[in-house]
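The values are calculated or read from the model by the stated rules, or taken from the named source; none is laboratory data. What you see is a predicted model, and the numbers here were worked out from it, not measured in a lab. Neighbour counts run over all protein chains shown; Cβ positions are idealised from the backbone, glycine included.
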């Protein structure tokens, strides 16, 4: 295995593990209609590293094993994260890259959670999108800027 492949694989494992640990440690604020899932700050890492895309997919799937919404959240949340991560990578370092997880989670996760709870859709959108935006812009944006200086492209 080449040094570059090993580095990308290790980075993927660290991202997935961090996502799971942060979600588990902060479980009371990580699930529900109003959530501030700190682990979602990692959702912008595909801007820096393409290997963050599958890492986030795996991290969300494992973290959502603790979700009160079961298989819906495990499968649905993971697939929505995969979409958001690919869009974040596609539009990296633009406002659209940062908004991809906010819009994806706000609109799509809200759809199945509204369905499962038999409650109105728009309050779910507002709660999830607001929490996601807070995490992305208060934690994720500074994280990307810091890592971008520390690990220039190609590292």
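Brief remarks follow.
- Set 54, 50: member being surrounded by fewer than 24 Cβ atoms within 10 Å (Cβ to Cβ) and either in a loop (DSSP other than H, G, I, E, B) or out of contact with any helix residue (DSSP H, G or I) (no Cβ under 7 Å at 6 or more places or on another chain) (or both): 50
- Some residue of region 102-115 being out of contact with any helix residue (DSSP H, G or I) (no Cβ under 8 Å at 6 or more places or on another chain), outside any loop (DSSP other than H, G, I, E, B) and surrounded by 14 or more Cβ atoms within 10 Å (Cβ to Cβ): no
- Condition met for residue 143 (assigned to a helix (DSSP H, G or I) and either closer than 19 Å to residue 92 by Cα or modelled with pLDDT under 95 (or both)): yes
- In region 87-98, residue nearest to residue 51 (Cα to Cα) [restricted to those that are buried (at least 16 other Cβ atoms within 10 Å of the Cβ) and touching a residue at least 24 places away in the same chain (Cβ under 8 Å)]: 89
- From 45, 62, residue being surrounded by 14 or more Cβ atoms within 10 Å (Cβ to Cβ) and either farther than 23 Å from residue 111 by Cβ or free of Cβ contacts under 8 Å to residues at least 40 places away in the same chain (or both): 45
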